[in-house]
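Below is one structure; the comments refer to it alone.
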Amino acid sequence: MQKEPHKIIADSSFYLCFLDDINDPDFLHRIIEKFDLYITPIVECEIKIEKNKSLKENKKIIRIGNYIAFGEILKPFLSKKIIDKGEHEVIGLGFHFFMIGVPFYLVIDDEEARSFVRKNLSFLSSCLHGTVGLICLCCCYFKIFSKSETMVTFNKIENSKFRISKEILYKIKNAVESC
Amino acid sequence: MKDEDELSVIERYIILLLGVVNRPVPSFTHLEKEMFILSKCFPIIQEYFNFEEYHYGAYSLALQEAVEEPFYYEDAFKIEGNKISLSDSGKKEFQKIILEGKSDKYASELLSALKLIRELYDKLSVDELLFMIYNTYPESAKFSSVSDKYLKDLKSRERYAKSLLHKGVISQERYNELVV
């Protein structure tokens, strides 16, 4: 039986969704209570972790450093926009976790990066989620959030600058309602 | 001239790169560029391989010599046409190195990096490989005699970028960057 993942490797949009877009850091902290979050160097900078005491000092936020910069391997294949946001590092670390057999969720919102994973590292597809998809899991599977507070958060996300298509959000709202 | 210990380290890295997937590396160019990519994500190996700008971009003489005339692992490598792989004795050495590295907490990271490199770069043709490397690391083309085809000739650039797009290894966004 496969172990339930208790680790998350997420891109910066995941953190920024809660810290900036909907300004609800407590929601993020409730996710952190349940999971260990592995954070890559560029994502650290993107979310300005040094200025965020509650994240910086949280032992469940694991800053992985750069002993081997897996992202360098992916650099030639991805656009500058993706590299600047550090998605290549997130994918690279995800590949490593997969190789060593550690169950995890790979949270990537950018469609270019998601498509690269699906086409070239398809074995990672089952770990791949978007921020909203992960919230759905946190509600329906891990019971971290009630349905009503999840729906409130989805509505906040819908009205924020967080980028997600109406169709996907609608589908995920339905999934939460029926879980 | 590399000393004996350095030669041993070089040969062990080559054995790891060749052994991490069970198929040959498609060409010497692939072997050179794949190890070059490893040196980008794991700079510690640069001191052994000394990649320099050369006719075909980043090139390590130490790597080529180690494959053609290995000092430590004499029968480890098999060259068939363009393809390079491990011989049966090379495969045994690979297993030994893996066992020895079990207590090294970074060994699994190195193996993952090597596997990811093979996963992505083996499927490129030599032209696509050089096109990607020159465009990502243009400094490696400084003394290249072939780089114009990959960096300046718009028709060639479009051809290689289109082929990579069709293979699904690059996105439309990356394609747009590569054909400018």
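The values are calculated or read from the model by the stated rules, or taken from the named source; none is laboratory data. Keep in mind the model is a prediction, meaning the values are calculated, not measured. Cβ placement follows ideal geometry from the backbone for every residue including glycine, while neighbour counts extend to all protein chains displayed.
Taking B:Glu109, is it within 14 Å of chain A (Cβ to nearest Cβ) and over 24 Å from A:Lys80 (Cα atoms)?
Details: within 14 Å of chain A (Cβ to nearest Cβ): yes; over 24 Å from A:Lys80 (Cα atoms): yes.
Yes, satisfied.
Give the residues of the range A:103-114 that are among the hydrophobic types (A, V, I, L, M, F, W, C) and more than 10 Å from every other protein chain (Cβ to nearest Cβ), sorted by residue number. Outline the logic, then answer.
Initially, the range A:103-114 is screened for residues among the hydrophobic types (A, V, I, L, M, F, W, C), giving A:104, A:106-108, A:113.
Result: A:Phe104, A:Leu106, A:Val107, A:Ile108.
Could you list all residues from the range B:88-101 that are surrounded by fewer than 16 Cβ atoms within 10 Å (Cβ to Cβ) and of a type in the set (Gly, Ala, Ser)?
Matches in the range B:88-101: B:Ser89 only.
Mind counting the residues in the range B:115-143 that are in contact (Cβ under 8 Å) with a residue 40 or more places away in the chain, more than 12 Å from every other protein chain (Cβ to nearest Cβ), over 12 Å from the mean Cα position of the chain (by Cα) and assigned to a helix (DSSP H, G or I)?
Of the residues in the range B:115-143, 2 are in contact (Cβ under 8 Å) with a residue 40 or more places away in the chain, more than 12 Å from every other protein chain (Cβ to nearest Cβ), over 12 Å from the mean Cα position of the chain (by Cα) and assigned to a helix (DSSP H, G or I).
Considering only the range B:33-83, how many residues are more than 12 Å from every other protein chain (Cβ to nearest Cβ), without any contact (Cβ under 8 Å) to a residue 24 or more places away in the chain and of a type in the set (A, V, I, L, M)?
So the count comes out to 2.
Against the conditions (1) buried (at least 19 other Cβ atoms within 10 Å of the Cβ); (2) farther than 19 Å from B:Leu17 by Cβ; (3) among the aromatic types (Phe, Trp, Tyr); (4) in contact (Cβ under 8 Å) with a residue 24 or more places away in the chain, where does B:Tyr150 fall short? Just the number, please.
All conditions pass for B:Tyr150, except number (4).
Check whether at least one residue in the range B:31-42 is at pLDDT 90 or above, part of a loop (DSSP other than H, G, I, E, B), assigned by TED's automatic domain parsing to the domain that holds B:Tyr106 and more than 18 Å from B:Ile117 (Cβ to Cβ), and report yes or no. Lay out the reasoning, then the answer.
First, the residues of the range B:31-42 that are at pLDDT 90 or above: B:31-42.
Restricting the remaining residues to those that are part of a loop (DSSP other than H, G, I, E, B) gives B:42.
Remaining after also requiring assigned by TED's automatic domain parsing to the domain that holds B:Tyr106: B:42.
Narrowing the set further to residues that are more than 18 Å from B:Ile117 (Cβ to Cβ) leaves none.
No, every residue in the range B:31-42 fails to be at pLDDT 90 or above, part of a loop (DSSP other than H, G, I, E, B), assigned by TED's automatic domain parsing to the domain that holds B:Tyr106 and more than 18 Å from B:Ile117 (Cβ to Cβ).
Have a look at B:Leu16, B:Leu7 and point out the one that is more than 14 Å from chain A (Cβ to nearest Cβ), in a helix (DSSP H, G or I) and aliphatic (A, V, I, L, M). Let's see the steps before the verdict.
Numbers: B:Leu16 fails: more than 14 Å from chain A (Cβ to nearest Cβ).
Result of the check over B:Leu16, B:Leu7: B:Leu7.
When you go through A:Phe97, A:Phe27, A:Phe70 one by one, which is the residue that is in contact (Cβ under 8 Å) with a residue 60 or more places away in the chain, on the phi < 0 side of the Ramachandran plot and either among the basic types (Lys, Arg) or within 14 Å of chain B (Cβ to nearest Cβ) (or both)? If you could, list the steps in order and put the result at the bottom.
Working: A:Phe27 fails: either among the basic types (Lys, Arg) or within 14 Å of chain B (Cβ to nearest Cβ) (or both); A:Phe70 fails: in contact (Cβ under 8 Å) with a residue 60 or more places away in the chain.
Exactly one of A:Phe97, A:Phe27, A:Phe70 is in contact (Cβ under 8 Å) with a residue 60 or more places away in the chain, on the phi < 0 side of the Ramachandran plot and either among the basic types (Lys, Arg) or within 14 Å of chain B (Cβ to nearest Cβ) (or both), namely A:Phe97.
Looking only at the range A:75-94, filter to residues that are within 24 Å of A:Lys48 (Cα to Cα) and of a type in the set (A, V, I, L, M, F, W, C); which one of those is nearest to the other protein chains (Cβ to nearest Cβ)? Before the answer, list the steps.
If we filter the range A:75-94 for residues that are within 24 Å of A:Lys48 (Cα to Cα), which is where we start, we get A:75, A:78-94.
Within this subset, residues satisfying the condition of being of a type in the set (A, V, I, L, M, F, W, C) are A:78, A:82-83, A:90-91, A:93.
Values: A:Leu78: 6, A:Ile82: 8, A:Ile83: 10, A:Val90: 13, A:Ile91: 9, A:Leu93: 9 Å.
It comes out as A:Leu78.
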